[in-house]
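Novice: Below is the structure I would like to discuss, written out as structure tokens.
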């Protein structure tokens, strides 16, 4: 943004940008004059005039509307020529969210971000790290036969991670992983065998992928996050349940990135210690079960 630009320079910038916009839209002086509702000589004067005088606000607004650019850009107040409505349309979109991550759009986001760090706060446990039995238990009641698609999508995501060169940072609230290990709340009907195999799966993948894959555990009583994925500097996506909100403007992506990095800084358990936390929770759950049995 050019806030302290000299008035004479701003007038020259206006003439230059008006001329560029007309050339890009292939609009002649006569054509622009008809659209704006002024004489052709007025447009000619806007393009060739000298000095620091700028046209009145109405003429600038009419020219901007006719050329499909923002008045602020014509006046040198911003470097983005798009109008505000167009900027919002391209920087924010709403995408329907399936129950599981089987949507081609979501997979395309991961492909687009290949080579960048991907930061993720999942709604439950990370799909791409789940066993087939875990995915089937979680998604089959809602998806029926298409649960196989969820399983395939998760495996594709894991394969992409392994070959893409991207680092994956995942932030989980401690109560989520604890509820899973103890079969509480959301996981209360999860069979013990599925739970045990999933814990073993976490250990195996972590041995294979760390430090490319890093999982941090935070205390949700102290810090909080909605489900979120940040695809490098390109895109930040909020999960709402039925829809995803996808942000592409750099300022908002940077803001979401700072939020995730805050979760990492405040994490109770660092990435290196995640397997130890799993073991401690599992041992604690086993002790509670043994005590209850006796």
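Novice: If a/c stays under 1.5 just call it rounded; otherwise compare a/b with b/c (prolate if a/b is bigger, oblate if not). Do that for segment 7-81, with a ≥ b ≥ c from the square roots of the Cα gyration tensor eigenvalues.
Specialist: It is oblate, given that a/c is not under 1.5 and a/b is not larger than b/c.
Novice: Find how much the distance from residue 207 to residue 78 grows on full extension, using 0.36 nm per residue of separation minus their present alpha carbon separation; answer in nm with one decimal.
Specialist: Taking residue 207 through residue 78 to full extension adds about 41.5 nm, to one decimal.
Novice: Write down the percent of antiparallel bridges among all DSSP beta bridges whose residues are both part of segment 91-293, to the nearest 5.
Specialist: 65
Novice: Evaluate the distance, in nm, between pseudo-label points positioned 7 Å from the Cα of residue 112 and of residue 240 along their respective Cα→Cβ axes.
Specialist: According to this spin-label approximation, the distance is 1.8 nm.
Novice: Could you calculate the FRET efficiency of residue 192 with residue 251 from 1/(1 + (r/R0)^6), where r is the beta carbon distance between them and R0 is 51 Å, rounded to 0.05?
Specialist: The calculated FRET efficiency here is 0.60.
Novice: Distance between Cα centroids, segment 247-287 to segment 163-196: provide it in whole Å.
Specialist: For segment 247-287 versus segment 163-196, the Cα centre distance is 13 Å.
Novice: With an 8 Å cut-off on Cα pairs and a minimum separation of 6 or more residues, tell me the relative contact order of segment 91-293 in percent.
Specialist: Across segment 91-293, relative contact order equals 30 percent.
Novice: Also: Taking R0 as 41 Å, what's the FRET efficiency between residue 266 and residue 25 from their Cβ-Cβ distance, rounded to 0.05?
Specialist: Here the calculated transfer efficiency is 0.25.
Novice: For a protection proxy built on the mean count of beta-carbon atoms within 10 angstrom, sort 239-251, 10-22 highest first, please.
Specialist: Sorting 239-251, 10-22 by mean packing, highest first, produces 10-22, 239-251.
Novice: Taking 7 Å along the Cα-to-C-beta vector as the label spot, tell me the residue 280-residue 221 distance in nanometres, rounded to one decimal.
Specialist: Simple spin-label model gives 1.5 nm for this pair.
Novice: I need to check one value: relative contact order of segment 7-81, counting alpha carbon pairs closer than 8 Å and at least 6 residues apart, in percent.
Specialist: Normalised by residue count, the contact order of segment 7-81 is 39 percent.
Any read-out appearing in this document is the output of simple, stated calculations on the displayed coordinates, not a laboratory observation. Please read all numbers here as calculations on a predicted model, not as lab measurements. Backbone-built Cβ (ideal geometry, glycine too); neighbour counts: all protein chains shown.
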